[in-house]
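Below you'll find the structure, written out as structure tokens, and then a few comments.
The values are calculated or read from the model by the stated rules, or taken from the named source; none is laboratory data. Since the structure is predicted, the reported quantities are computational estimates derived from the model, not experimental observations. Note that each Cβ is placed from the backbone with ideal geometry, even for glycine, and that neighbours are counted across all protein chains shown. Only protein heavy atoms, including side chains, enter the accessible area calculation; ligands, DNA and RNA are left aside. Shrake-Rupley method; radii C 1.70, N 1.55, O 1.52, S 1.80 Å.
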Amino acid sequence: MTLSRRHFLALSGATALAPALAGCGDSPDGTGDIQFWSAFSDLQQQSYFQRTQVDAFRGSAAVRLTVKPSSVINRLTQTALAAGTGPDLVLTDGPAQVAAYANAGYLLPLEKYARQYGWDGVLAQWAMAASQVGGQMVSLPAGYETMIMLYNPATLAAHGWSVPTERGEFEAICVEAKAKGLMPVAAGNATWRAASEWAVTAALNHYAGPEAVYQALRGQIRWTDAIFVDTITLLSSYFQRGWWGGSVENYFTNSFPKLYAALASGAAVFMITGSWAFSEILPYFGEPAGNDARWDWAPLFPLRPEVPAVVWDLGVGSTLSINAHSRQPDAAAEYLNFLQTDPRRQAEGIAEAGLQPAPVQLTAADFPPGADERQSRLYIQLSNAATIGYTTWTFWPQETDTVLYTNFEKVFTGQLSAEEYLAALDAVFRRELALGKVPAAPPPQGLGR
């Protein structure tokens, strides 16, 4: 369990929240200690992780946790791995980085440990499939997330609206909300420029559908296919009608604090975002904000009848691997198993520290008393997902992903057509596909244990 990928990447300019908690841990030193580098969004998460995930471990070796600045942990890890040193347990921000490390020979194959600990019977099948690079298992998802729709129940009730379950219902609410001077969808990228890809992720999976996206990620169809042109055309029209962020101009100046406040006050109706927002939204609702507002969430709905009613857009917030140069790989695998496979430990991390869980199946009984029902409901449903979609920051290679969200801005501002946008995207993707840089994607169905 770890930070979301957005938090992992967004804390740029941050400094380490504390010095190394036990030793400097700059290389696998052969002392028998398991070296692990990590980063945390706040001292509460750091303290919780130290107490429950480090001090509580009773394995064959002690764990030495070193807290690194979030802004440089990726660079420090890559430099150390290239020099044949670094931590025994390697933290990355997602499958694209895993593929780069695996192709460079930095990561140890994990099949031996998967058999030893029976991970196939504990971890979700999509997690096992997404952990492959070149046919070898080299990582495990350490935290996962999904796209959701946030809303204020009081706002819907005040206007006589219900949570939409299909495109027609959603569009009718957006038309009416805009006419009333409300922001239909709270959206903007002033805080995080890549936020535009959240809308693209939602549209691709819920209009084109997860099967089409899966085929494109495997290179079986092109991103220039008509179904993707229709997808981007529809999404761009939502922006141009002022449904996302109030207007095209406002979209670029809307900050997350402003948007969360608008959702709480009733000035905005919906927010299509990720499950990481559960922790971000808390200061704007209820007692912390000095109001009586309440938030809730719903899964995203299909934008075409041909798309399944419920598709969970899967995002891997971070991954864990074993350093190929580790001098104690068996001990590192033992600790990896400890971190990943206990449902109650995962549920407690969600409830008590807002950590993302490892991909184990969760039930209501796993959560501690007093856990937020909205959070537990999400992860219980998500861990039992029958159909998944694909978040762009997880399953698109890095250069393609950058083109995806930067060029999409040019579509809804009228600088590029949908066809031109997708042609440029496809060209970059085909190049990265040929270079083996596209992360492994599990199939959208058949994900049960």
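Structure summary
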item: Charge dipole (the chain, unit charges on Cβ, about Cα centre) - positive-most of Val360, Gln375, Gly246; result: Val360
item: Beta bridge orientation in the chain: antiparallel %, DSSP, nearest 5; result: 65
item: Neighbourhood charge, 15 Å Cβ-Cβ cut-off, centred on Val428 and excluding it, Lys, Arg +1 and Asp, Glu -1; result: -1
item: Part-to-part distance (alpha-carbon centres) for segment 55-127 and segment 172-232, which is given in Å; result: 32
item: Value at 222 nm in deg cm²/dmol, rounded to 500, when DSSP H runs of n ≥ 4 in the chain each add -39,500 (n - 2.57); result: -11500 deg cm²/dmol
item: Mean-position separation - Cα centroids, segment 249-264 and segment 383-449, in angstrom; result: 26
item: Solvent-accessible area per residue, Å², over the chain with all protein chains present [probe radius 1.4 Å]; result: 36
item: Sulfur and carbon atoms: percent of accessible area, the chain [1.4 Å]; result: 51
item: Net charge dipole size for segment 135-241 [Lys, Arg +1 and Asp, Glu -1 on Cβ; Debye, nearest 20]; result: 260
item: Karplus (6.51, -1.76, 1.60) ³J(HN,Hα), θ = phi - 60°, over segment 343-353, in Hz, Gly and Pro reported as x; result: x, 5, 5, 5, 5, 5, x, 5, 6, 9, 9
item: Cα centre as origin, Lys/Arg/Asp/Glu Cβ charges: segment 211-259 dipole, Debye; result: 120
item: From phi via Karplus (6.51, -1.76, 1.60), per-residue ³J(HN,Hα) for segment 148-156 in Hz, x at Gly/Pro; result: 9, 10, 8, 7, 9, x, 5, 5, 4
item: Charge dipole of the chain about the Cα centre (unit charges at C-beta), most positive-ward option of Leu140, Leu150, Val411; result: Leu140
item: 10 Å binning of all Cα-Cα separations within segment 132-175, expressed as whole percents from 0 upward; result: 20, 33, 14, 16, 16, 2
item: Cα Rg over Rh - the chain, Kirkwood; result: 0.96
item: Net charge dipole size for segment 280-405 [Lys, Arg +1 and Asp, Glu -1 on Cβ; Debye, nearest 20]; result: 200
item: HN-Hα J in Hz across segment 196-213 - Karplus 6.51, -1.76, 1.60, θ = phi - 60°, x for Gly and Pro; result: 4, 6, 5, 5, 5, 4, 4, 5, 4, 7, 10, 10, 4, x, x, 5, 5, 5
